[in-house]
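The values are calculated or read from the model by the stated rules, or taken from the named source; none is laboratory data. Values in this document were obtained by computation on a predicted structure and should not be read as measured data. When we count neighbours, we look across all protein chains shown, and the Cβ atoms used for this are built from the backbone with ideal geometry, even at glycine. Ligands, DNA and RNA are stripped out before the accessible areas are found, and what is left, the full protein with its side chains, is counted by its heavy atoms. Shrake-Rupley method; radii C 1.70, N 1.55, O 1.52, S 1.80 Å.
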Amino acid sequence: MTTAFPESSDIKMKKQRISLILSSLIAVALFLVSCRDSGPLTLTYDKGNLTDQRSGITYMITPMCFEPIATELEPYAVCTEPELELFGIVGCDPSEWLSEKFEGIGYVYFAGEEDELPSIDEFDANLIVICVEQTITTGIGTVSDKGDIENIVDAFINGERTTIIPEGDFYKLKFASDKYPGIYYNLLYIEADNGENYIYDRSTKTCSAVGDVMYDYLPR
């Protein structure tokens with residue numbers, strides 16, 4: 001038969017200290033995990049692509065025709081070599097689309113294959129923002145009629161090609177789409193000195209004569 005003796009006050013105090021220490025260690029560990037998870041992802045550079053080693057997601061640089069409408073304020077991911085900060089694009093899933101901080105220039109990154117990126121007709125635009133680019137890019141008009149947008153896209157796709165980019169007045173055409181919210185598809189419109197009008201895609205080096213499809217939408 002054993003007899004249970006009451007614990008001394010010293011033993012109780014030691015147990016309380018141990019309990020407090022363990023609780024503090026657990027709280028610190030949880031805090032560190034929380035800080036790590038709430039910070040930006042670390043991406044690894046490999047042959048032009050950026051990879052999240054934890055998830056296996058790989059982002060590729062998209063052609064320069066793709067542009068963010070707006071980026072988040074805080075970086076979603078970072079890369080140390082080369083040194084990059086990548087931001088979520090407002091309206092897009094960051095596991096699919098990221099962007100460098102965009103101030104007129106900067107790459108957009110896409111988690112997929114190149115053939116999954118939309119062409120201008122697949123982009124299914126429902127708005128064109130017409131801009132002039134000087135010190136800053138300024139919007140001067142829009143095209144919102146779906147039929148007119150389709151005519152502009154068709155004129156670019158099927159227009160007579162030229163390999164020489166003509167001199168003239170240049171405007172940016174920023175195509176927006178409900179299908180790809182948060183992304184612009186960016187082309188150049190040229191009212192050339194030779195009296196013709198062209199649309200140029202810097203990504204594919206395609207330049208097409210488009211007639212007067214934009215005439216009514218530009219200030220005169």
Legend entry - Condition broken by residue 33, with the remaining ones in (1) open to solvent by 80 Å² or more (accessible area, probe 1.4 Å); (2) modelled with pLDDT under 60 satisfied: (1)
Inset, instruction - Check segment 208-215 and report whether any residue there is assigned to a loop (DSSP other than H, G, I, E, B) and over 24 Å from residue 66 (Cβ atoms). - result: yes
Inset, instruction - Can you run down the residue pairs with Cβ atoms below 9 Å, 6 or more apart or on separate chains, where the first is in segment 169-193 and free of Cβ contacts under 8 Å to residues at least 24 places away in the same chain and the partner is part of a strand (DSSP E or B) and open to solvent by 20 Å² or more (accessible area, probe 1.4 Å)? - result: 169/132; 169/191; 188/170; 188/171; 188/198; 188/200
Legend entry - Residue match in segment 103-110 (condition: part of a loop (DSSP other than H, G, I, E, B) and either among the small types (Gly, Ala, Ser) or open to solvent by less than 50 Å² (accessible area, probe 1.4 Å) (or both)): yes
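Is it the case that segment 148-165 has a residue that's buried (at least 17 other Cβ atoms within 10 Å of the Cβ) and either in a loop (DSSP other than H, G, I, E, B) or under 22 Å from the mean Cα position of the chain (by Cα) (or both)? Full working, then the answer.
Kept after step one, since they are buried (at least 17 other Cβ atoms within 10 Å of the Cβ), are these residues of segment 148-165: 149, 152-153, 155-156, 159.
Narrowing the set further to residues that are either in a loop (DSSP other than H, G, I, E, B) or under 22 Å from the mean Cα position of the chain (by Cα) (or both) leaves 159.
Yes, some residue in segment 148-165 is buried (at least 17 other Cβ atoms within 10 Å of the Cβ) and either in a loop (DSSP other than H, G, I, E, B) or under 22 Å from the mean Cα position of the chain (by Cα) (or both).
Taking segment 70-99 on its own, how many of its residues are out of contact with any Asp or Glu (no Cβ under 6 Å at 6 or more places or on another chain) and open to solvent by 20 Å² or more (accessible area, probe 1.4 Å)?
Result for segment 70-99: 19.
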Inset, instruction - Go through the residues of segment 115-129 one by one and say whether even a single one is open to solvent by less than 80 Å² (accessible area, probe 1.4 Å), in a strand (DSSP E or B) and more than 14 Å from residue 185 (Cα to Cα). - result: no
